[in-house]
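These notes concern the structure reproduced below.
Just so it is clear, none of the values below were taken in a lab; they were calculated from the coordinates. None of these values were measured; they are calculated from a predicted model. Here the Cβ positions follow ideal geometry from the backbone for every residue, glycine too, while neighbour counts run over all protein chains shown.
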């Protein structure tokens, strides 16, 4: 399998954390790209018409995107370990929390691009504030959920760790720890896992 990626992409990191947790990381060849909305990659666009990473090229040539689909696929390759419960309330709780964490990231990335890719005189403060409000509300919700994270790793925990790690790495929302003791007590323990250390982003 071949994964189009950028080391600092939190959605790529989410996929690679999952791959490490499932024992599949050695089966994935990574292809480095750094696309952006202003500078899409022609090579990536041939694989993913949205020109977004991550995109996973399977051994038969099919391509999967986005991170949620890729993580679900990887989960099918390691039947001895499951990141997503098969059915019932537990399944939809994990999928809901994954969507929440991914949404926090989506909002944070939009604010990051507005702050760092547009000329300062064109920054739209209400837009940035609106996105960062979503980030803060999402983190508050994750803080309320963190106490229920169990010892078995699931895709909701992976998505949460990728989101929190990226927010601290980029600093786009300032100090995200204040007032969220439960979330960061869990995160500081989770970040010691080998999968997290192996995927730590570098500037």
Quiz item: So how do 17-25, 42-50 stack up, highest first, on mean other-Cβ count within 10 Å?
Solution: 17-25, 42-50
Self-check item: Euclidean distance of C-alpha centroids, segment 46-101 and segment 137-203, integer Å
Solution: 19
Self-check item: Sorted by Cβ density within 10 Å, fewest first, the residues 6, 76
Solution: 76, 6
Practice problem: Report the full-extension gain for the segment residue 198 to residue 133: residue separation times 0.36 nm, less the Cα-Cα distance, to one decimal in nm. | Solution: 20.3 nm
Exercise. Calculate, axis by axis, the spread of Cα positions in the chain along the three principal axes, and write the results as whole Å, longest axis first.
Key: 50, 44, 30
Practice problem: Take every Cα pair under 8 Å in the chain that's 6+ residues apart, average their separations, divide by the length, and report that relative contact order as a whole percent. | Solution: 25
Quiz item: Tell me, what is the Rg over Rh of segment 88-198, with Rh the Kirkwood radius over Cα pairs?
Solution: 1.00
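In deg cm²/dmol, rounded to 500, what helix-only [θ] at 222 nm does the chain give when every DSSP H run of at least 4 residues adds -39500 (n - 2.57) and the total is split over its residues?
-17500 deg cm²/dmol
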